[in-house]
Amino acid sequence: MPGLMRLSFSSGRATPPPPPAALPPPGPDPEAEEARRQAEAVLARWHRLGETQRRAFQAICAEIADTNHEVEDNVSGLIQAFQRLSDSAQAQTNRLERTLRLVDTLEAGDQVISLDELVRLMEGALGGVVERVLDMSKQAMVMVYALDDVAAHLGRAEHCVGDIERINRMTTMLAFNARIEAARAGAAGQGFAVVANEVRDLAISTGSMAETMRTEIAAIGRVLEGSRHRMAEVATVDMSASLDTKATLDAMLEGLQRRRAEVAALMQDMTSSGTAITDDIAAFAARMQFTEGTRNRLRTVIAAAEALSAATAAAMAAHPPPPGTEAARTDADCVARVLEACNQGDVRHRFAGWLEHGAAPTAAPASSDIELF
Amino acid sequence: MQVKLTPGLGGVEVAVSGTLTFDAHAAFRQVVMAQVDQPGAQPVLLDLAGLDYIDSAGLGMLLLAREAAEKRGRGIILRGARGQVARILTVSKFNQLFTIQP
């Protein structure tokens, strides 16, 4: 019974004195009387030690039970705190992932478009613009070539007008000569003179018409030239701006792809860190489960101490103190040693309550009794 | 714009140099379009290595040349474009319309 050994302070003996055998009947023998008196003193001391030991066991049981509850409460609080920490870490990771996704996207109406998709859309729009510009330029060049053809035809028509004017001048000269010859012929040439005058009038009309045609051809030529210039303006677009825009879009796309890779790496890091934190917390929480084993061990210790206390009480009941001895007294020397061994103020206060009064103290210890760590 | 015609095994090779803008449209029609608008099984090879600059009018002329060649059942190869000309051919997605060679 190790507990008994520790709590026995009887003049250096390792074990408490065994319950004394039945006392010899009193007699007039002084030696026997002295022996009886010593035996009663030993029995009384054994009772005091037994009572001290019983109360000490009660104090130990109460202290262990309190400590057990305190550990359970604190560990339970710690597990809950770690669970909240784990939840917070997961929520923080989720929020960060959502933030990174928001950074990488753009809301357009009810659509969510990623930035690289936006750049591709802009590239497509640029391609559409370029395609329309080229189609317009091609159609303008078709018109220019058509106008060139019209101008060529017009040039040939103008040349024809020149031919008409040359023929007309010859006709006029011919009519003039005919009139001279008709005058020389006298009356016989009067009819011929009439024809010559008609030819001259016809030549004058033809010349006037040729002049009008030349004027009209010149006007058409000016219109053609104006149209050609306008078509040239339509057909000619400097594509440098498109090239600059394309270069900018390429750079943006490249930058976005680079940033997306960086964000992906960051998210991977975050996920790894989050997983590691969660695993650590889970492992820590699992280690906290040691309280179940500790609780069982402490309960066992309490049961053993209670058994010791009951055994002590039973032994004391089996061997009552000698008549005239005050029952339920403790051994002052033993109590003092136990309290001296309690170097923690509040523990000493509770042990003092149990050992000196047989119950836990109802009042809190004075502040001066509590050591601060 | 300057145009040089070189007879080859696959037909006449047309080398265009300088700048291909609206001002060159008459010469382009007279020489290049005339070569393209010829019957033949071989594609027309346009060497653009000497071409320094091209604008939308020049691209429009190339598109007209392509149409004329298609009517003859021929294709057009654009070879050796560089610098601004190469970049603008890329932006205009001419690789979808012509055979582009380096």
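Would you point out the residue of segment A:105-141, among those that are within 27 Å of B:E67 (Cβ to Cβ) and open to solvent by 50 Å² or more (accessible area, probe 1.4 Å), that is farthest from the other protein chains (Cβ to nearest Cβ)?
Per the criteria, the residue is A:A125.
Of all the residues in segment B:47-76, those that are farther than 16 Å from B:H25 by Cβ and crowded, with 17+ Cβ neighbours inside 10 Å number 5. Listed by first and then second residue, the pairs linking a residue in segment A:90-104 that is open to solvent by less than 70 Å² (accessible area, probe 1.4 Å) to a residue that is aliphatic (A, V, I, L, M), with Cβ atoms under 8 Å apart and 6 or more places separating them unless they lie on different chains, are A:T93/A:M270; A:E97/A:M267; A:E97/A:M270; A:L100/A:V263; A:L100/A:L266; A:L100/A:M267; A:D104/A:L115; A:D104/A:V263. Looking at (1) away from every other protein chain (no Cβ under 12 Å); (2) more than 19 Å from B:Q101 (Cβ to Cβ); (3) open to solvent by 30 Å² or more (accessible area, probe 1.4 Å); (4) modelled with pLDDT of 95 or more, find the lone condition where B:T19 falls short. The failed condition is (1). Within segment B:81-96, the presence of a residue that is surrounded by 14 or more Cβ atoms within 10 Å (Cβ to Cβ), away from chain A (no Cβ under 14 Å) and either at pLDDT 95 or above or out of contact with any Lys or Arg (no Cβ under 9 Å at 6 or more places or on another chain) (or both) is excluded.
Considering each of A:V119, A:V71, A:V75, A:V130 in turn, give the residue that is of a type in the set (V, I, T) and closer than 30 Å to B:H25 by Cα. Even if it seems obvious, please write down each step before you answer.
On the way: A:V119 fails: closer than 30 Å to B:H25 by Cα; A:V71 fails: closer than 30 Å to B:H25 by Cα; A:V75 fails: closer than 30 Å to B:H25 by Cα.
Exactly one residue qualifies, and that residue is A:V130.
Tallying residues that are within 9 Å of chain B (Cβ to nearest Cβ) and open to solvent by less than 50 Å² (accessible area, probe 1.4 Å) within segment A:221-245 yields 8.
The values are calculated or read from the model by the stated rules, or taken from the named source; none is laboratory data. Everything numeric in this text was worked out from a predicted model, so none of it was measured. All Cβ positions, glycine included, derive from the backbone under ideal geometry; neighbour counts span all protein chains shown. Accessible surface areas use protein heavy atoms only, side chains included; no ligands, DNA or RNA. Shrake-Rupley method; radii C 1.70, N 1.55, O 1.52, S 1.80 Å.
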